[in-house]
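Contents: one structure, followed by commentary.
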Amino acid sequence: MSTETDLEGPETALAAREAVLPAGRGPTDLTWTIVQMRAGERITVNEALIAAYQAASSSHSIRALKSDVEAFDAWCQRTNRIALPATAETVADYLDARAGKGSRPASLSRYKASIAKIHQLLDLKDPTPAPLVKLRLQAVRREKGAAQKQARPLRFKGPVRDVERDKARGLNIRALLESRGDDLPGLRDRALLSAAYDTGLRASELVAVAVEHIEEAIDPEARLLQILRSKGDQDGEGATAYLSPRTVSAIAAWCEAAEIIAGPIFRRVQVRRYKARAAVRGRPIDSISGRETWDLRKTLSKPAVKARVEYDIGTVALHPGSVGPIFRSIIQRAFDLGALPDLTAEDLARLLKGISAHSTRIGLNQDLFTSGEDLAGIMDALRWKSPRMPLAYNRNLAAEQGAAGRLMAKIG
């Protein structure tokens, strides 16, 4: 089904919305975003094509596209530009404006791709291949550099040369796991961090792990994790990751304590803390003054109440956006308990700024590299289709452990 409507400016948005959106559609639908964009000519909205795109894309991709085109349209309306169809000059000026606000080249490339995608979905001429757009982006890359800011790695023993023989030091996962308590939040966090390191899963993949996805392995103490879908596997071909005995034990302890027997493993834990209250002796009835509210309960004694903690376990998976903050909370708690003795408060503040949900993935990548695994093995373990990212994550280690690094270590 295709629907035609006039989108000639923001003043027509309401009429366009009523004309295009069938009953039941709302702001989460991509069509809702499209019909509110400022248009300079008659636009044909092919709802079948939009629906097919949404069905073929991940929810993350759809959210990113909506966010990008809404931001572009808002800028167009503020600067009195036309968003649909956009000119090359409009796109170039927009990318320049975003660069001026601090956007990095990788983000600008995503914004450009989103503008191109919305034009393609509406069968409009794509303005992004124009030389003006390419040259403006090239100028930003020349000025700022194209390298992306990398999350700080969380390695199992920290920054060590030999992951098998060296003692753990600095910020390391071993200390973080050992410092977590045995209350419900501690059990959940230990299982989450341990599984994240073992598998190198991204945040969205990690929170999607369910009890049903864990299978027996040849090692009776280990398990295999079936990964139904990932960023690099949009068709759902599936993959398998290894869960160490350490992680299997942590997951079992968490699931037993939280009474999870099916569904998502990593869930919200709401904590309610109640302070202790001392015993209260009831007052004689004749001590209740006529100037205060009469209440016979004032004559009753109240026993002492001990401090207590109550937990409420969610029924759905954690939001992917909560994984990074959980990791940072684990690190802060470990430092406060003295589990990271060779870090100063200044070290901690600096390190925390770089920690994200991706830190365990980078840490595993670097530990595999340090342990002597070749690129093919690392790509297989972390389910990468291209060598670009594993090589980028290992760039610093490659410099340190390369020919020049080995020589400098020998000569002091």
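Descriptive notes on the structure:
- Residue list for the range 335-349, restricted to those being assigned to a helix (DSSP H, G or I) and closer than 14 Å to Leu154 by Cα: Leu348
- Of all residues in the range 27-67 being among the basic types (Lys, Arg) and surrounded by 15 or more Cβ atoms within 10 Å (Cβ to Cβ), the one that is farthest from Lys117 (Cα to Cα): Arg38
- Residue among Arg63, Arg81, Arg42, Arg38 that is touching a Cys at 6+ places or on another chain (Cβ under 8 Å) and among the basic types (Lys, Arg): Arg38
- With respect to being closer than 23 Å to Met389 by Cβ, part of a helix (DSSP H, G or I) and in contact with a Leu (Cβ under 9 Å, 6 or more places away or on another chain), Ala250 falls outside the description.
- Boolean, Arg297 is surrounded by fewer than 10 Cβ atoms within 10 Å (Cβ to Cβ), out of contact with any Ser or Thr (no Cβ under 8 Å at 6 or more places or on another chain) and assigned to a strand (DSSP E or B): no
- Arg169 out of contact with any helix residue (DSSP H, G or I) (no Cβ under 8 Å at 6 or more places or on another chain), in a loop (DSSP other than H, G, I, E, B), open to solvent by 60 Å² or more (accessible area, probe 1.4 Å) and in contact (Cβ under 8 Å) with a residue 24 or more places away in the chain: yes
- Residues located in the range 182-203, provided they are assigned to a loop (DSSP other than H, G, I, E, B) and open to solvent by 20 Å² or more (accessible area, probe 1.4 Å): Asp182, Asp183, Arg202
- Among the candidates Leu243, Leu224, Leu206, residue that is surrounded by 15 or more Cβ atoms within 10 Å (Cβ to Cβ), among the aliphatic types (A, V, I, L, M) and under 24 Å from Ala56 (Cα atoms): Leu206
- Counting the residues of the range 355-369 that are assigned to a helix (DSSP H, G or I) and either aliphatic (A, V, I, L, M) or open to solvent by less than 20 Å² (accessible area, probe 1.4 Å) (or both) gives 10.
- Pair list, Cβ under 6 Å, 6 or more apart: the range 357-384 residue touching a residue at least 24 places away in the same chain (Cβ under 8 Å) and more than 23 Å from Ile326 (Cβ to Cβ), other residue open to solvent by 10 Å² or more (accessible area, probe 1.4 Å) and among the aromatic types (Phe, Trp, Tyr): none
The values are calculated or read from the model by the stated rules, or taken from the named source; none is laboratory data. Keep in mind it's a predicted model, so treat the numbers as computed, not measured. Cβ atoms come from the backbone with ideal geometry, glycine included; neighbour counts cover every protein chain shown. Areas reflect the complete protein model, heavy atoms only, side chains present, ligands, DNA and RNA absent. Shrake-Rupley method; radii C 1.70, N 1.55, O 1.52, S 1.80 Å.
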